[in-house]
Amino acid sequence: ISIGQAIIFNSFTIYNFTGVLIIFLTPYFICRLVGLNFFKYYIQVIYVLAIISIICWSLQNISSGFTEILASISRNLKLDPQSNESVIFFNLEYGRSALGFLKNAGFTAEGGLFCTFLIPALYLNNINDFKFFDKKNIIFMIAIITTSSTAGYAALMFFILYAAISVKHKIIIVLTIPLVIYSLFTLVNTLPFMFDKVNKSYTDEMNVYNT
């Protein structure tokens, strides 16, 4: 990858090469250290972080003062010098969903990125023993809903539909109806902007390399 980038963009930096190398070597070292227990630890860590995010997200929506407190902590401790949004375990998100709620970014930069951790945790938690009302499943699903992430909602709908089909429980089927309706409502409100968002990111990236 680094060699390809160097050829295409006529530039090479040790910083970028080292970053790519670390990314590729990380899974190897994790497997060597903890083996297949990694998945168990991963689910548990994301579960705890999801609970923290739900609590912080709820307090944010209840009182704007809580947002100011976290921003003040970030600023005073210089945890995020540029935006003062991160307090390590939670990142402030000022964007709002179609229903007017602040988005839950969890410990990441934004809700969509947070979902890339939540969705695998949700699916991995049900590989050996599928229990729709498992406490971890409930926390993961609530956290995903609060992110207002289009991709997260799509993955969540697949999970819920699978649960309704495989379990065939009336309560689960009834619960899927409002969740699917809410997910569809959000998708309809956000999809028209997704292409523009991706296109802008690509254009900005190309402008950086061309300058």
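Structural remarks
- Among the numbered conditions (1) in a helix (DSSP H, G or I); (2) crowded, with 18+ Cβ neighbours inside 10 Å, the only one that Thr108 does not meet is (1).
- Counted residues, region 127-144 - those being modelled with pLDDT under 90 and crowded, with 16+ Cβ neighbours inside 10 Å: 1
- Residue in region 111-122 that is open to solvent by 70 Å² or more (accessible area, probe 1.4 Å) and either at pLDDT 95 or above or more than 25 Å from Tyr162 (Cβ to Cβ) (or both) present: no
- Residue within region 36-45 that is farther than 18 Å from Tyr153 by Cα, open to solvent by less than 90 Å² (accessible area, probe 1.4 Å) and touching a Pro at 6+ places or on another chain (Cβ under 8 Å) present: yes
- For region 86-105, the candidate set comprises residues that are open to solvent by 50 Å² or more (accessible area, probe 1.4 Å) and closer than 16 Å to Ser53 by Cβ; within that set, the residue that is modelled with the highest pLDDT is Lys103.
- Taking first residues from region 89-115 that are more than 20 Å from Gly65 (Cα to Cα) and among the polar types (S, T, N, Q) and partners that are open to solvent by 60 Å² or more (accessible area, probe 1.4 Å) and part of a loop (DSSP other than H, G, I, E, B), no Cβ contact under 7 Å between residues at least 6 apart in sequence or on separate chains turns up.
- Which listed residue, of Ala71, Ala50, is buried (at least 17 other Cβ atoms within 10 Å of the Cβ), within 21 Å of the chain's Cα centre (by Cα) and over 25 Å from Ile139 (Cβ atoms): Ala71
The values are calculated or read from the model by the stated rules, or taken from the named source; none is laboratory data. Quantities reported herein were computed from a predicted structural model and do not represent experimental measurements. Neighbour counts are summed over all protein chains in view; Cβ atoms, including those assigned to glycine, are modelled from backbone coordinates with ideal geometry. For the accessible areas, the whole protein counts, side chains as well, though only heavy atoms, and no ligand, DNA or RNA atoms are used. Shrake-Rupley method; radii C 1.70, N 1.55, O 1.52, S 1.80 Å.
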